[in-house]
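> Below are the structure tokens for one structure; questions will follow.
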Amino acid sequence: MKQFFVDRLKEYPEITDFFMVKSIGVKTGANKKQYLDVLLGDKTGEVNAKKWDVSEAEEEEFSGYSEGDLIKVKAQVTDWQGQTQLRIAKIRKSNENDDLVMEDYVKAAPEKPEDMFDYIYSVAENMEDEDLRRLCTKVLNDNREKLMYYPAASKNHHAEYAGLLYHVKRMLMTGLAVCQIYTFLNRDLVSAGVILHDIEKLNEIESNEYGVSPGYSFEGQLLGHIVQGISFLDRETRALGFSREKAVMLEHMILSHHYEPEFGSPKKPLFPEAELLHYLDILDARMFDMEDALKGIEPGGFTDRIWVLDNRRLYKPSEM
């Protein structure tokens, strides 16, 4: 039985086991020496690892490693600036004699992709607004194959197999509940905004069939999913004969859902459904990161510092 270590590395002074490569590269330190910087993972999480003083021969060897490879490492478990890190002593690629199962190393959403897709599609199919219904069902049908496995990020929240579907599904569930409280909101517009807000992550992010992303595409690096999303919506809404007002409102929801210029949104939301979309997005991202960080923590304990949560250390209650 495969043991999973990422969620409980602090229990060990050193470790020898197989992991999946999530990202890898040889870098140059302040001392001008080469080192290997690699993000490793199994189905419970991820951990950064370093191999110091990489020789020229090792650098050539590591150039043959890539995202998605399964490797065996022997390493010390260390603490660096409040975060668990591995100091690699030995490293090698796996081979057929290791008898490994890829699914043991792939972090995945906790629900079946087909079930999540069906839920999202049912919401789209039952929209009263004919334009939004036609647009959302078309986009979902056109992208069904990639949605079955695509992550919502290269790293951080929902960077997992079918993570994009999981993110959209939970945002939809929350958004529809909010619409029952704030009844002046346009339910179809909220739903459409949720379904479409990250759809161009399918072209911004690169991913293999296991939802493992090596990073961003050429267009993703130069444009990003917000600009790509607006361009995509402009084409689709024109082809479907949308009124200009309705098309621009959808584009504004995409444009503003990151809220701040430093996060990619040049305008803040200018109507309630767009405002709600931002908070649905940030709420689901934060809850994902918090739930994920606390999984391997014993009651009464604290997590490592979490950079995406303002370097906070989360606490897991011992009596609740």
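The values are calculated or read from the model by the stated rules, or taken from the named source; none is laboratory data. Nothing here was measured: the structure is a model prediction, and the numbers come from that model. With ideal geometry, Cβ positions are generated from the backbone for all residues, glycine too; neighbour counts draw on all protein chains shown. Accessible surface is based on the protein model in full, side chains and every heavy atom, while ligands, DNA and RNA are left aside. Shrake-Rupley method; radii C 1.70, N 1.55, O 1.52, S 1.80 Å.
> Using the eigenvalues of the Cα gyration tensor, what equivalent ellipsoid semi-axes result for segment 26-130 when each is taken as the square root of five times the eigenvalue, whole Å, largest first?
39, 18, 14
> Give me the accessible area of K10, 1.4 Å probe, in Å² rounded to the nearest 10.
Counting only protein heavy atoms, K10 exposes about 120 Å² to solvent.
> Quick one: which residues, 5+ away or cross-chain, put their amide H under 5 Å from the amide H of S217? H built at 1.01 Å from N.
Here the answer is I205, E206, since their amide H atoms fall under 5 Å of that of S217.
> Next up: So for each of 165-173, 11-19, 274-282 I average, over its residues, the number of other beta carbons within 10 Å; can you give me the resulting order with the highest mean first? It would help to have the intermediate numbers written out before the result.
Values: 165-173: 23.3, 11-19: 14.9, 274-282: 20.8.
Highest mean packing first, the order is 165-173, 274-282, 11-19.
> Any chance you could count the Lys pairs in segment 1-85 whose alpha carbons are under 16 Å apart, treating pairs 8 or more apart or on different chains as valid?
18
> Continuing with this model, one more query. Average the reciprocal distances over every distinct pair of alpha-carbons in segment 20-82, invert the result, and give the Kirkwood radius in Å. Before the final figure, lay out the partial values.
Details: mean 1/r = 0.0799 Å⁻¹.
Across segment 20-82, the inverse of the average 1/r is 12.5 Å.
> Sort all Cα-Cα distances of the chain into consecutive 10 angstrom bins from zero, then give the percent of pairs in each bin up to the one containing the longest distance.
Binned Cα distances yield the sequence 5, 24, 31, 22, 13, 5, 0.
> How big is segment 190-250 by the Kirkwood estimate over distinct Cα pairs, in Å?
Values: mean 1/r = 0.0797 Å⁻¹.
By the Kirkwood definition, the hydrodynamic radius is 12.6 Å.
> Continuing with the same structure: Work out how much length E61 to T183 would gain on full extension: take 0.36 nm times their residue separation and subtract the Cα-Cα distance, in nm to one decimal. Can you show the working numbers first?
Details: separation 122, 0.36 × 122 = 43.92 nm, distance 6.05 nm.
Value of the extension gain: 37.9 nm.
> Pop out the Kirkwood hydrodynamic radius of segment 139-228 from its pairwise C-alpha distances, inverse of mean 1/r, in Å to one decimal.
On the way: mean 1/r = 0.0732 Å⁻¹.
13.7 Å is the Kirkwood radius here.
> Report the FRET efficiency, 1/(1 + (r/R0)^6), for N31 and T78, where r is their Cβ-Cβ distance and R0 is 25 Å, rounded to 0.05. The partial results should precede the final answer.
Working: r = 18 Å, r/R0 = 0.73.
In this case the efficiency is close to 0.85.
> Please give the solvent-accessible surface of L189 in Å², to the nearest 10, using a probe radius of 1.4 Å with every protein chain present.
10 Å²
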